[in-house]
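Remarks on the structure that follows.
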Amino acid sequence: MVLCPVIRKLLHKRVVLASASPRRQEILRQAGLRFEVVPSRFKEMLPKALFPSPPAYAVETAKQKALEVARRMHQKDLRAPDVVIGADTIVAVGGLILEKPVDKQDAYSMLSRLSGKEHSVFTGVAIVHCCSRDGRLDTDVSEFYEETRVRFSELSEDLLWEYIDSGEPMDKAGGYGIQALGGMLVEQVHGDFLNVVGFPLNRFCKKLAELYYPSGREDPRPAQSHQGRGGRDEDGGERTQAAGPEEAVSSRTGHSPPPFPTGLLELVDSFKASKALFTACKLKVFDLLKDGAPLKAVDVAGKLGASACGTGRLLDACVALGFLQKTDRGYSNTETANLHLTSDGAYSLRGLVLHHSDHPWDLSARPESAGRDGVDPHDGALGERTGPPCQASCAHSEETRLGLLRAMHSLAKLTARHVATAFDLSRFGSACDLGGCTGALAYVLAREYPRLRVTVFDLPEVLQHVAGFQPDGPRTEQVSFLPGDFFEDSLPEADLYVVSRILRDWPDGKVHELLSRVARACKPGGGLLLVDVAAGPEAEAEAEGLRRRAGGERSAAVYAHLLRRLGFADVRAAGAGGRPLALLGTRGAP
Ligand SMILES: Nc1ccn([C@@H]2O[C@H](COP(=O)(O)OP(=O)(O)OP(=O)(O)O)[C@@H](O)[C@H]2O)c(=O)n1
């Protein structure tokens, strides 16, 4: 068939790739498709013996992967994406289906089975069109598979083990990656190379053309119907003309609808998810479900004095978010909820959640901005000044201020150990945590570095509240609190200055001013530990855009550049949990 430009037909749709495979993501991204990635949780355990042929198994697995994601997304948001794409790649040799090896021995038996022979690689693909109507999910599945025949050379034992020890086979069907080291095992390829890598792009485009070019306006050839007649087009039950209503309109008017506003809708969805979390925390749902037996929605509703129907919806939303689990016996907390969302969990973030719920625009406003002229955390963050600096925080009642301290304390406590151990700080004898608030980080630094004396420098009106947050235990005498204003007063002497989670919503001018003061106070060889940077290059770019619009973290690159300009050398970054967390710069000679 003649290939038409089909990828653009999906550009105005919300497309989800139900696959964790980085190869699939890359192939589709390079083809210009815009999509979100939601890996499927479907377990690849269908009984192979029930399928008439290996590709039938791959197609069914691909379909189940995609349907699982469509259903999960629909359950979570009551709104499924327009299209979900699932795929499954298998290797078939002598009637046997090979998937990903479970361990090295398994990889060895797979690869030695393939040595010196030809095998087939099948990738099954399912394109699921979704439609949410009256809270119900309708799906329309199109499916196909592609076969590529691959011949391996005879492989010596040494080569086999060398390849297995490279670690490459482990996440790949048949135990090899043709696109990387595994390429050297391959003598001949018959068919679509990308199909072996994990996604048959060419046939996918042909399938889209069948679906999106209904008889003839753009494609001179009529769309062909491939109803299951054996051979490669066992597309039983598929739709052959999938142009949606808007597609038809655009065909008539020749007018393309705008690109699908994925980011915008994601914001709306994430607001809904946050709202469910805020509400459940406020109602103390997680406290209620903490230790006891699971409870049914109606029982939870009874205890909360809320409606059974609304409570059921809230609990289901919490299940979809991973905070609750649901069984026949009722709802119970997940580990995350027990740890972080109950009132008295050791790492409770409930205070933080409640604070953000009640003060959405105070996200990172700090208590010390109360009454300080010219330091408005929102100055610049919203594009222009939003009123008198104290508008947001002067109005804080004591109750609100305490709520904010609790929120900051819980967050600092949770991340303190990661921060304290992100770099080896043992060369420093003294540290000053600027705006260190309740001392949550200071105490952990003291515990990690027995030689280190830490001064927490913060406004008097902040420090007057910190008594209630002091930890018991050894070495608390290493930590002292000093009242002061880091914009007005001289900074206490220290070998290491710590600036943690206080810059994020400040305008660039204020950030520059504070870090310049630190640079002037810092002795040559002294350090600046800066915590709270945005993650990864993509996230960095996104963070920069988002920050300019609504405040937030700056990227590591932006901070590193600024630190170097201010005379810090050897600026290094460290991360935690796979994301950048902190920078450490060493003051050079002035
Ligand atoms: N020669 C090959 C053959 C397969 N693969 C990879 O092997 C995996 C096949 O496993 P599959 O279950 O189809 O995909 P998963 O990686 O598990 O991802 P998901 O199930 O989330 O789609 C795919 O990532 C595919 O890219 C590969 O890299 N090279």
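ASP138 fulfils the conditions (1) away from the ligand (no atom under 16 Å from the Cβ); (2) without any contact (Cβ under 8 Å) to a residue 12 or more places away in the chain; (3) out of contact with any Cys (no Cβ under 6 Å at 6 or more places or on another chain) except for a single criterion, (3). How many residues does the range 497-530 contain that are within 17 Å of ALA569 (Cα to Cα) and either in contact with a Ser or Thr (Cβ under 7 Å, 6 or more places away or on another chain) or not assigned by TED's automatic domain parsing to the domain that holds ARG451 (or both)? Adding up the residues that qualify gives 2.
In the set ASP344, ASP287, only one residue is modelled with pLDDT of 85 or more, farther than 30 Å from PHE486 by Cα and either in the same structural domain as GLY509 (by TED's automatic domain parsing) or in a loop (DSSP other than H, G, I, E, B) (or both); that residue is ASP344. Restricting attention to the range 102-123, the residues that are within 13 Å of the ligand (Cβ to nearest atom), at pLDDT 95 or above and over 30 Å from ILE7 (Cβ atoms) add up to 5.
Of all residues assigned to the range 43-55, none qualifies as being modelled with pLDDT of 90 or more and closer than 14 Å to VAL69 by Cβ. Residues that are under 25 Å from PRO22 (Cα atoms), within 12 Å of the ligand (Cβ to nearest atom) and small (Gly, Ala, Ser) occur at least once in the range 64-80. Within 15 Å of the ligand (Cβ to nearest atom) and within 19 Å of GLY86 (Cα to Cα): is that true of PHE152 in this structure? Criteria not met by PHE152. Can you list residue pairs whose Cβ atoms sit under 6 Å apart, with the first residue in the range 307-334 being in contact (Cβ under 8 Å) with a residue 60 or more places away in the chain and the second being outside any strand (DSSP E or B)? Count only pairs 6 or more apart in sequence or on different chains. Partner pairs satisfying both residue conditions: ALA317/ALA276; ALA320/GLN75; ALA320/LYS76; LEU321/ALA273. Within the range 182-206, being within 20 Å of LYS100 (Cβ to Cβ) and within 11 Å of the ligand (Cβ to nearest atom) holds for GLY182, GLY183, LEU185, VAL186, PHE193, LEU194, ASN195, VAL196, VAL197, GLY198, PHE199.
Among the residues of the range 155-175, those identified as within 12 Å of the ligand (Cβ to nearest atom) and touching a residue at least 40 places away in the same chain (Cβ under 8 Å) are PRO169, MET170, ASP171, LYS172, ALA173, GLY174, GLY175. In the set (1) of a type in the set (A, V, I, L, M, F, W, C); (2) part of a strand (DSSP E or B); (3) within 11 Å of the ligand (Cβ to nearest atom), CYS130 fails one condition alone, (3).
Checked against (1) out of contact with any strand residue (DSSP E or B) (no Cβ under 8 Å at 6 or more places or on another chain); (2) of a type in the set (Lys, Arg); (3) more than 9 Å from the ligand (Cβ to nearest atom), ARG34 passes all but condition (1). Kindly list the number of the only condition in (1) more than 30 Å from LYS13 (Cβ to Cβ); (2) more than 9 Å from the ligand (Cβ to nearest atom); (3) in contact (Cβ under 8 Å) with a residue 12 or more places away in the chain that fails for ILE178. Result: ILE178 passes all but (2). Residues that are within 13 Å of the ligand (Cβ to nearest atom) and touching a residue at least 24 places away in the same chain (Cβ under 8 Å) were ranked within the range 40-53; the one that is farthest from VAL268 (Cα to Cα) is GLU44.
The values are calculated or read from the model by the stated rules, or taken from the named source; none is laboratory data. None of the values given here were measured: they were computed from a predicted structure. All Cβ positions, glycine included, derive from the backbone under ideal geometry; neighbour counts span all protein chains shown.
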